[in-house]
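Have a look at the structure below, then the notes.
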């Protein structure tokens, strides 16, 4: 098995086709030797057929992209460039004649007069004149004119003036493959035990988990960094918790996750290198960055044989053969291509975000006039808090989440640039500037050109999790990933939707109730495999849930834990030569056994014994600021179960409380609280009470124990910390009789501060 990716040298990919009549030379822009300031954009290959270079300069022309090509013969060549005027599709809202994405092509040091990117709302081969060249190597350069997102897919030269390139949007169409000299047969990779397609949190953590279980793993990612929305390209902070209390499937997530304090933060805060290094340190993982999966080959109607992907820089195609596959694309595209059952709501989806940042300099900074900008005023968008245009710069709610992706991204960029233009040139939000300079000193530092998508489609499993399941805490025997995010759904914010009601770009998050964000709700394993494609797993935001339930499971740390579970389930399926479905129906106990192992266990192969690897971090369970009931011995009665009279206030601000918080009552309220319990057998028991100290608590709280010995009252100083383990104070030893209730009663009578109740613990003394 190939464990590592051996890179093909990045050359200008050309094939010259010579005859008595014509010669053609095709150059793919992504293969340029030096990209300069142009960005490689791989997001829309499934829409327009290819990666392309994007001049994302935030209003400042970017450095030239350059390469060398070899012309087979001297002569006059006619030039075509595949490009578009990206603003033209918004011509009903802006003046598209200004064409902000203009650029030129230089051949052999001579710049063609033609400016590309001025016409055409859709991708097209735009003719740009002709050049006369000598046979041999010649330098090409893409020369950006504006810094406003010009784009170049490919360049074609032909000595035939009537030649017309095929504008097919198929992925790497056959004629382009032939002209590039690509072999007809793909490079074979594998066989693997499992292939993860998509390098976000779910795919990255899934690959690590499977590799440590002894599987041979491939991880395919169509960009140059891992982390997906949690990478430096998109900069959405990793949300959701990795709580204890079920299985330790969160420690791998904590190995790779960032500590970004703001979203969007700086590139460094998202720690791309840490994610990649962690993956490359796994000998069982073959990592394929810059590879886009574009085709699925089927063994049968219900079985995937292989996935094909191409190198987004060289065009080389690879075929990945594997026993299992996991769709961690977020978009569900692998499952969709394989014929998996899926659901996509008609509209009202959560959209895509492209966040941005600006800073203030010590002196004025220019920003180009944008006569093509949206006509925005400060009433049309919120002021970017702390110079950050955050997650709610979002659109695409009713657009096609697959076919309209480039349209959605471009609208987001247009909205962001137009807002900053309004701040610079119209004084919008000038009074909000904390430095008092208006915005004459402001300058853009970053804007995401890679979109952060929240919702596309859901691949369907044996369980389709609903909001009602989550809110009602419906138990599933295969619950395995604790989701701790609320049911968080996004909608256009009405305040800012009036000017562009057909395509608003500011959202509001509506958080539903019912998710315990501290303890979490266990999502069942049966949401993580396809119900009709026998060897397809899924992890991430494209799992088997309804639109509403997606609101809670879609955040990155939760998605990462799904990947960890899939990695271990794939190990069980491989070892037993069975399907993902039968892991549940026949081997659930075996899966649970693996889920109980922390992430620092590993084995080289499935036949080896799982052991702690001393080279891996022992992260343990995260430290909680509360105490679960199952961590306490004996009888424990929480304050929620106490019979309360008078006025009690619920609180959770003082940490290390038992379960869900505590209650407190004012000294003058005349309140009381009775904790009742029954011991299982006669005997002597120690009685303890829990409280969290605070200066405004009573120093003389009256606590009465009712036992077989009668009633006995004790005074407790709740201003100081209890001395016993887990914050308990001992009231003494009492005799209790089985079947006869005991009681612990708190009273505000005579108290010199607030009376605090949290929990009562009753411990049997050893004979």
Test for residue 334: is it touching a residue at least 12 places away in the same chain (Cβ under 8 Å) and touching a strand residue (DSSP E or B) at 6+ places or on another chain (Cβ under 6 Å): yes
Quick check, is residue 67 farther than 30 Å from residue 352 by Cβ, in contact with a helix residue (DSSP H, G or I) (Cβ under 8 Å, 6 or more places away or on another chain) and modelled with pLDDT of 95 or more? yes
Index of the failed condition, residue 545 passing every other in (1) more than 19 Å from the chain's Cα centre (by Cα); (2) farther than 24 Å from residue 299 by Cβ; (3) buried (at least 24 other Cβ atoms within 10 Å of the Cβ): (1)
I'd like the residue in the range 371-410 that is in contact with a strand residue (DSSP E or B) (Cβ under 8 Å, 6 or more places away or on another chain) and on the phi > 0 side of the Ramachandran plot and, out of all such residues, is surrounded by the fewest Cβ atoms within 10 Å (Cβ to Cβ). 387
Cβ-Cβ distance below 7 Å, separation of 6 or more or different chains: which pairs start in the range 621-647 with a residue that is in the same structural domain as residue 667 (by TED's automatic domain parsing) and at pLDDT 95 or above and end on one that is exposed (fewer than 14 other Cβ atoms within 10 Å of the Cβ) and outside any loop (DSSP other than H, G, I, E, B)? 636/629; 638/629
Test of understanding: among 73, 24, 126, which residue is touching a residue at least 60 places away in the same chain (Cβ under 8 Å), outside any loop (DSSP other than H, G, I, E, B) and not assigned by TED's automatic domain parsing to the domain that holds residue 375? 24
Could you tell me whether the range 504-516 includes any residue that is farther than 28 Å from residue 623 by Cβ, crowded, with 24+ Cβ neighbours inside 10 Å and in the same structural domain as residue 198 (by TED's automatic domain parsing)? no
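For (1) at pLDDT 95 or above; (2) part of a loop (DSSP other than H, G, I, E, B); (3) assigned by TED's automatic domain parsing to the domain that holds residue 25, each residue gets a yes or a no:
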residue: 165; (1), (2), (3): no, yes, yes
residue: 170; (1), (2), (3): no, yes, yes
residue: 194; (1), (2), (3): yes, no, no
residue: 204; (1), (2), (3): yes, no, no
residue: 239; (1), (2), (3): no, yes, no
residue: 242; (1), (2), (3): no, yes, no
residue: 249; (1), (2), (3): yes, yes, no
residue: 258; (1), (2), (3): no, yes, no
residue: 262; (1), (2), (3): no, yes, no
Single match in 94, 62 (criterion: modelled with pLDDT of 95 or more, touching a strand residue (DSSP E or B) at 6+ places or on another chain (Cβ under 6 Å) and surrounded by 16 or more Cβ atoms within 10 Å (Cβ to Cβ)): 62
Look at the range 564-600 and say how many of its residues are closer than 18 Å to residue 533 by Cβ and in contact with a helix residue (DSSP H, G or I) (Cβ under 7 Å, 6 or more places away or on another chain). 9
Output the qualifying pairs, or none if there are none: Cβ atoms under 7 angstrom, residues six or more apart or on different chains, first residue in the range 310-321 and at negative phi, second residue surrounded by 22 or more Cβ atoms within 10 Å (Cβ to Cβ) and part of a loop (DSSP other than H, G, I, E, B). 311/290; 312/51; 312/222; 312/290; 313/290; 314/13
Do you know which residues across the range 295-322 are crowded, with 19+ Cβ neighbours inside 10 Å and over 21 Å from residue 206 (Cα atoms)? 310, 311, 312, 313, 314, 315, 317, 318
Just to be sure before I move on: is residue 244 surrounded by fewer than 20 Cβ atoms within 10 Å (Cβ to Cβ) and under 29 Å from residue 391 (Cα atoms) in the structure I sent? yes
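The values are calculated or read from the model by the stated rules, or taken from the named source; none is laboratory data. As the structure is a computational prediction, the values presented were derived from the model and not from experiment. Reconstructed Cβ throughout: ideal geometry from the backbone, glycine too, with neighbour counts over all protein chains shown.
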